[in-house]
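Please read the structure below before turning to the comments.
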Ligand code: DQA
């Protein structure tokens, strides 16, 4: 089973940006936790990050070409307005889970809406880095069912 984890803009700045919201740990700590979880679950994982909308879309299309089994995506600020990422997600029939580190529903009004979540099977928000690890467990179950 091959899972692709995609992180959107500014997530490479974890540990630098708004620490009271996103915590002190950096992006590489997050990647390490995801890779460790993949070993435990005996799945392959690729972790990708980009600050550029088109690169995220190209990577979603690559997931189709390279036959990935599932996608975990934190589109970051694109969550709230990128119809292009939503369309790219909608074109894939494999399981997809949206993750947010912070509880977007407790924050500014513009963060309450996700235009991308409707193209995913489910969403996890507000559980910090654990959200990615929980999404990986759920992904294994979803892939085994589909
Ligand atoms: C985020 C929430 C978004 O609103 C924000 O733009 C981010 C990160 C999160 O993981 O909590 O960059 O997706």
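Rule-based calculations on the coordinates, nothing more; no lab input. Since this is a predicted model, take the numbers as computed values, not measurements. Positions of Cβ are generated from backbone atoms using ideal geometry, with glycine treated the same way; all protein chains shown enter the neighbour counts.
Taking a ≥ b ≥ c as the square roots of the eigenvalues of the alpha-carbon gyration tensor, the range 42-146 is classed oblate because a/c is 1.5 or more while a/b is no larger than b/c. Going from the fewest other Cβ atoms within 10 Å to the most, the residues 13, 48 appear in the order 13, 48. Classify the range 1-79: rounded, prolate or oblate, from the alpha-carbon gyration tensor (a ≥ b ≥ c, eigenvalue square roots; a/c under 1.5 rounded; otherwise prolate if a/b is larger than b/c)? Oblate, since a/c reaches 1.5 and b/c is not below a/b.
Distance between the pseudo-spin-label points of residue 20 and residue 61 (7 Å out from Cα toward the beta carbon): 4.2 nm.
Classification of the range 56-112 by its C-alpha gyration tensor yields a prolate form. The axis ratio a/c (a ≥ b ≥ c) is 1.5 or more, and a/b outweighs b/c. If you plug the beta carbon distance of residue 109 and residue 48 into 1/(1 + (r/R0)^6) with R0 = 41 Å, you get a FRET efficiency near 0.90.
Cβ crowding within 10 Å, taken as a proxy for footprinting-reagent exposure, orders 140, 5 from fewest neighbours to most as 140, 5. Taking label positions 7 Å along the Cα-Cβ direction at both residue 29 and residue 81, the computed distance is 3.1 nm, reported to one decimal. Here the sum of -39500 (n - 2.57) over DSSP H runs of 4 or more residues, divided by the residues of the chain, equals -11500 deg cm²/dmol at 222 nm, to the nearest 500.
Taking other Cβ within 10 Å of each residue's Cβ, how do 139, 1 sort, fewest first?
Starting with the residue having the fewest Cβ neighbours, the order is 1, 139.
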